Amino acid sequence: MTLHDEASAIEAFRNGDLSGFEWLATRYMREAVSVARGFLAVHADAEDVAQDAMVRAWNKRDRFRTGERFGPWLHRIVANLALDVLKHRRRVREEEIAVTHPASAHLQPEAVAGGRQKAERIAMALEGLPPMQRAVASLFLVEGYDHAEIAGMLSLSEGTVRSHLSLARKRLRELLQEFAESAS
Amino acid sequence: MKDDRDLAQLRPFAASLRQEVDVARLVGNVMGRVRAHRTVTDWLDRWFRPAIVTATIAIAIGCAGLYRQTTQMPDLVSAAETRILAEAENVLP
C-alpha cells in the first residue's frame with residue numbers, strides 16, 4: 001500500500017496496517033521526543049518515553065476516534081507516560097539534577113562559552129519548575145514552538161499555555177533580569 | 001505580550017539545549033517491538049488459544065464421564081450384590 005498523506009496513513013493505521021503506523025511514527029517521532037523532553041531532564045529518557053508512547057498508540061489504535069487528529073492524541077499519551085515517569089522518580093530528582101548539571105553533556109558543541117553558561121542556567125531554572133510549567137516553558141524556549149503549537153501538543157487552550165508561561169516567567173525572573181543587565 | 005517577549009530573549013541561549021533526534025533509529029526500534037509483539041499474538045491466536053480451548057473441552061468431557069461412572073456405581077454395586085445373593089441361594093442347600 002502506497003501512503004501519500006496523513007489521512008491515508010491514519011486509515012491504514014486504524015485498519016491495523018503497519019505501513020500506516022510507520023508513516024505516522026516517522027512523521028511524529030520528533031514532536032513526541034520534544035513533548036517528553038519538556039517533562040524529563042534527560043534526553044535519553046525522553047526518547048524512551050516517546051518510543052513507549054508510540055508502541056502504546058499502536059496497541060490502543062482501536063481507541064483512536066474517527067476524525068481525531070493523530071498528533072494531539074499521541075502527545076497526550078506521551079505526556080501521560082512522562083508524568084508517570086516523574087511520579088516514580090520524584091525521590092531521585094535531586095540525583096537527576098546532579099547528573100544533568102553541569103549541563104555541558106547535553107549542550108551542542110557550537111555553544112560559545114558565555115552562551116554555554118547561560119544555557120546551563122536556563123536548564124537549571126527549568127528543572128525547578130513544576131512539571132506542566134516546565135513542559136510548556138521547555139517547548140517554548142528550547143524547542144521553539146509557539147503558543148498554538150504547544151496548546152495542540154499538550155491538549156491545552158492557548159490561554160492556559162500563556163498562563164503557564166507567565167508563571168514560569170515569574171520563576172525565571174532573576175535569570176531574565178540578569179540577562180537583560182548583561183545585554184545592556 | 002511583554003511576558004513572552006521577555007522569555008523569547010532566552011530562546012537563542014536555550015536553543016543550544018536542543019538535541020538531535022535520530023528519527024530513523026527510534027522508529028526502527030518501535031517497529032521492531034510492534035512486529036515482535038504481533039508475532040507473539042499471532043502465534044497465540046493460531047496455536048495456543050485453540051489448544052487451550054481443545055484441552056478444556058477434553059477435560060470437561062472426561063470429568064462428565066467420571067461423574068457418570070461415580071453416580072452409577074451404587075447401582076452397579078447393588079446389581080452385583082443381587083446377582084451374588086441369587087447365585088448363593090442356588091448353591092446353598
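The values are calculated or read from the model by the stated rules, or taken from the named source; none is laboratory data. Just so it is clear, the structure is predicted and the values come from calculations on it, not from any experiment. When we count neighbours, we look across all protein chains shown, and the Cβ atoms used for this are built from the backbone with ideal geometry, even at glycine. Side chains included, ligands, DNA and RNA excluded: accessible areas come from the protein's heavy atoms. Shrake-Rupley method; radii C 1.70, N 1.55, O 1.52, S 1.80 Å.
On the stretch given as region A:98-147, residues that are part of a helix (DSSP H, G or I), modelled with pLDDT under 80 and open to solvent by less than 60 Å² (accessible area, probe 1.4 Å) total 6.
When you go through B:72, B:19 one by one, which is the residue that is assigned to a loop (DSSP other than H, G, I, E, B) and not charged (D, E, K, R)? It is B:19.
Taken over region A:22-79, the criterion of being over 17 Å from the mean Cα position of the chain (by Cα) and of a type in the set (Val, Ile, Thr) is satisfied by A:55, A:66.
Sub-6 Å Cβ pairs linking a first residue in region A:165-184 that is more than 16 Å from residue A:142 (Cβ to Cβ) to a second residue that is at pLDDT below 75 and surrounded by 11 or more Cβ atoms within 10 Å (Cβ to Cβ), at least 6 apart or interchain, are A:166/B:3, ordered by first then second residue. Applying the set (1) among the polar types (S, T, N, Q); (2) modelled with pLDDT of 90 or more; (3) not in a helix (DSSP H, G or I) to residue A:160 leaves exactly one unmet item: (3).
Reported count of residues in region B:24-37, each being among the basic types (Lys, Arg) and either more than 8 Å from chain A (Cβ to nearest Cβ) or exposed (fewer than 13 other Cβ atoms within 10 Å of the Cβ) (or both), is 2.
Scanning region B:2-11 for residues that are within 7 Å of chain A (Cβ to nearest Cβ) and either open to solvent by 20 Å² or more (accessible area, probe 1.4 Å) or of a type in the set (Ser, Thr, Tyr) (or both) gives B:3, B:6, B:9, B:11. Applying a threshold of 8 Å to beta carbon distances and a minimum spacing of six or more residues, or different chains, the list of pairs starting in region B:12-23 at a residue that is more than 12 Å from residue A:34 (Cα to Cα) and at the interface with chain A (Cβ under 7 Å from one of its Cβ atoms) and ending at one that is open to solvent by less than 70 Å² (accessible area, probe 1.4 Å) and of a type in the set (Val, Ile, Thr) reads B:13/A:122; B:14/A:122; B:14/A:142; B:15/A:142. Scanning region A:25-37 turns up at least one residue that is open to solvent by less than 40 Å² (accessible area, probe 1.4 Å) and over 19 Å from residue B:24 (Cβ atoms).
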